[in-house]
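Since the structure comes first, as structure tokens, the remarks are kept for the end.
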Amino acid sequence: MNPRVEMDAELRRPLTGRPYGNSRVGYFEHEVSNWIRGRVRQSTGEPAAPPLPMPDTPRIITVREAQQRTGLSRMQLWRLEKRGQFPQRVRMTPDPIGEASDAAD
């Protein structure tokens, strides 16, 4: 049984360590956009642009969409996230996705 993860109301992120398990996860779109903007400016030598503000209703994009936008694999995103070089994932569903073993029969 997985305990519920306590969320930070302001950042809308888990307060404690990882466990996402089988839950669907994604990224805040504005954070991924800020990361991409920073990388492009860094590669061209331009000064860093101010980050985009968090919208009133933030949009969460899937891992697949983040992969398409960045050109990075799921493993590369995970490694950058672990090093603090990419935005953290957020849980898209409150509970793990799956069926009870009784229902699978």
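The values are calculated or read from the model by the stated rules, or taken from the named source; none is laboratory data. As the structure is a computational prediction, the values presented were derived from the model and not from experiment. Here the Cβ positions follow ideal geometry from the backbone for every residue, glycine too, while neighbour counts run over all protein chains shown.
Some points to look at:
- Of residues in the stretch 63-90 being assigned to a helix (DSSP H, G or I) and among the polar types (S, T, N, Q), the one surrounded by the most Cβ atoms within 10 Å (Cβ to Cβ): Thr70
- Where a residue in the stretch 31-46 is farther than 12 Å from Leu80 by Cβ and its partner, wherever it lies, is among the β-branched types (Val, Ile, Thr) and at pLDDT below 85, with Cβ under 9 Å and at least six apart: Glu46/Val40
- Some residue of the stretch 56-75 being among the hydrophobic types (A, V, I, L, M, F, W, C) and at pLDDT below 80: no
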